[in-house]
Amino acid sequence: MVELKGVSKTYPNGTVALRDVNLKIEKGEFVFIVGPSGSGKSSLVKLLLKEEDVTDGEVYVNGYDVSSMTRSEVPYLRRSLGFVFQDFRLLPNKTVYENVAFAMIITEALPKEIRRQVPMALALVGLSRKANMYPSQLSGGEQQRVALARALANNPALLIADEPTGNLDPETSWEIMKLLSEVNHRGTTVIVATHEKSIVDEMKKRVVSISKGLIVRDQEKGQYRDEDKNNQAYI
Amino acid sequence: MKIRTIRHIFKEGFVNSYRNKLMSLASIAIVVASLIVFGIFLLLVINMETNIEMWKEQPQLEAFCYVELDNTQVQMVEDVIKKDDRILQYERVDKEQAFAKMRDKLGKNSAILEGYGAEIFPVSFIIRLKDVSYSDEIVKALEGVSGVEKVSYSQDTIEVITRVSHWFKLGSGVMIMIFLVVSVFIISNTIKLTVFARRKEINIMKYIGATDWFIRWPFVVEGVIISIVGAILALVISAYGYSLLYDKFAQDLFLAESQLLSLVEIKDVWTQLASSYVIIATMVGATGSFISLRRHLKV
């Protein structure tokens, strides 16, 4: 599903974000990518979405050879993924329903299919009743659920969430995590980049820990260790 | 591209230009101004050309004899003209007739002719040709006839006017270009502002996998809408303005009846005006948007 082979990323200003990273994520997995800010966690996510290009190495996502793909292919890679951001990124002048439908409109999906799929996605995240509201009328947790519904609208095989609970209080964070977990149970591969220890520890999923551009640990049913936090203190 | 996508793109373009009312209106105003300037030049050129055509269809020459020529000498000139089979018909204007004509022309001011007689005027022949194309040779031939002082050549006037209209066209071409460049610039600036206003939205669209053109087309539509609206307004204004002018012209009996000048009626030119407005507007709008998108929308 996702494979990184000898991936390095150096930014034009000389900052080394990733050094010779090798990582393989199989279909159906639920993986946390943890590490303090500046560890290279965000860079890794950006490489998967082709927001940044690799300096060296190969990246495969969902059957796409991301490291060598042309700009014009990028939209098709992104359509095959679901993506959830820390800041939700909903279109403010579209309703909840329209926001979710929009992800399908851009893929030129049939209107019939949109009418079928959007209510299903909204039902999954429990927002059927708020379909006609605007993002500004919703709480943060609800907005993130809309974003999740949008990410799921096209039935992606892979869902990537970058700090999905970063702007949410602990209780709402849990709701989102439960949803992600449920999505995973339905067969979608889920990758969550986060630095929230309590959640990672509780969920007992695979944890890939990144520090200073290197994968320092990769554990099944892992935990966010104290040393990761210590790293954060240095940075 | 599927039809529903095209529909979506048009809807977005309309919604955006509406949301962007103020800038859209400013751009529309500029487009209207440029197109009206263009329209004025176009109408002038069309009128000039029809008048030139009209004059060309009146192949008239006037050959003037020397004033001091006596009747026999004039008769010799007339014989030459009579024999020329390229000449359809001619009319002899005697000294007295010329004198009377001048007196009529001067009207109230005819007093200045006091003390002069018909003898100061030359005898002339007004000549109608069978075909305009002969005019050059006939003029040469008549000028070679002894006793003929000069041949006034209606072709001369036509040539001057043709040349003036050539420079006029060139000049208006330059003016029109300047206005079009300004319009393109203004539209591209409007689109730049919409792009900036919506950059967050554009960014989101990119993340969920919208293709470059899916993002760009609504902006192109927006630019074209602005300029088409401008074209329609410009058409209404210039057609109305021109018919007012036409009516004023028709009321000016001296000009209208002199048959020296005629104005083209608006119903004969409005399709030409409308189609050039729409074509120019579409090109200006699309170019403006494209320039702006190339510079400011790195999708």
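Considering only B:Tyr18, B:Ile52, B:Ala33, the residue lying farthest towards the positive end of the dipole of region B:1-117 is B:Tyr18, judged by Cα position with unit charges set on Cβ.
When B and A come together, around 2000 square angstrom of accessible surface is lost from both chains combined, probe 1.4 Å. As a fraction of the 1.4 Å probe accessible area of chain A, surface on carbon and sulfur atoms comes out at 47 percent. Of all the options A:Pro92, A:Pro119, A:Pro164, the one that moves most in a Gaussian network model of chain A with Cα springs shorter than 10 angstrom is A:Pro92. Under a Gaussian network description of chain A, with springs only between Cα atoms under 10 Å, the residue in A:Arg71, A:Arg116, A:Arg89 that fluctuates furthest is A:Arg71. Let me know the whole percent of all Cα-Cα pairs from the protein assembly as shown that are separated by more than 36 Å. Percent of Cα pairs beyond 36 Å in the protein assembly as shown: 58. Here's the picture: charge each Lys and Arg Cβ at +1 and each Asp and Glu Cβ at -1 in region A:123-235, and of A:Gln137, A:Leu158, A:Val208 the one pushed furthest to the positive end of that dipole is A:Leu158. Value of Rg to Rh for region B:7-130, rounded to two decimals, is 1.46; Kirkwood radius and Rg both from alpha-carbon coordinates.
With kT/(6 pi eta Rh) evaluated at 20 °C and eta = 1.002 mPa s, and Rh the Kirkwood radius from Cα pairs, chain A diffuses with a coefficient of 118 µm²/s according to Stokes-Einstein. Of the two radii for region B:124-219, the radius of gyration is 1.57 times the Kirkwood radius, both from the alpha carbons; that is the Rg over Rh value.
Note on region A:1-140: Kirkwood hydrodynamic radius from all Cα pairs is 17.3 Å, rounded to one decimal. Peptide B:165-173 is shielded by partner chain Cβ atoms: per residue, an average of 0 of them sit within 10 Å of its Cβ. Protection proxy ranking, highest mean first, for peptides B:136-143, B:84-91: B:136-143, B:84-91, where packing is the per-residue count of other beta-carbon atoms within 10 Å, averaged.
Could you give the dipole magnitude of the protein assembly as shown about its Cα centre, charging the beta-carbon of Lys and Arg +1 and that of Asp and Glu -1, in debye to the nearest 20?
On the way: 64 positive and 62 negative charges, 700 e Å.
For the protein assembly as shown, the charge dipole is close to 3360 debye.
Roughly how many debye, to the nearest 20, is the charge dipole of region B:1-156 about its Cα centre, given +1 on each Lys and Arg Cβ, -1 on each Asp and Glu Cβ, and no other charges? Don't skip to the end; give the middle numbers.
Details: 20 positive and 23 negative charges, 410 e Å.
Dipole of region B:1-156, to the nearest 20 debye: 1960 debye.
Of the residues B:Ile279, B:Tyr207, A:Thr172, the one whose Cα sits farthest towards the positive end of the charge dipole of the protein assembly as shown is A:Thr172 (charges of +1 on Lys and Arg Cβ, -1 on Asp and Glu Cβ, taken about the Cα centre).
Highest GNM mean-square fluctuation among B:Val278, B:Val184, B:Val77, for chain B modelled with Cα contacts below 10 Å: B:Val77. Computed from the C-beta positions of B:Arg7 and A:Glu171 and an R0 of 51 Å, the FRET efficiency is 0.75 to the nearest 0.05.
Each Cα pair of region A:1-46 feeds into the Kirkwood radius, which the Stokes-Einstein equation turns, at 20 °C and 1.002 mPa s, into a diffusion coefficient of 184 µm²/s. Counting Cβ atoms of other protein chains within 10 Å of each residue's Cβ and taking the mean over peptide A:105-113 gives 4.
The values are calculated or read from the model by the stated rules, or taken from the named source; none is laboratory data. None of the values given here were measured: they were computed from a predicted structure. Positions of Cβ are backbone-derived with ideal geometry, glycine not excepted, and every protein chain shown enters the neighbour counts. We work out accessible area using only protein heavy atoms, side chains counted, and drop any ligands, DNA or RNA first. Shrake-Rupley method; radii C 1.70, N 1.55, O 1.52, S 1.80 Å.
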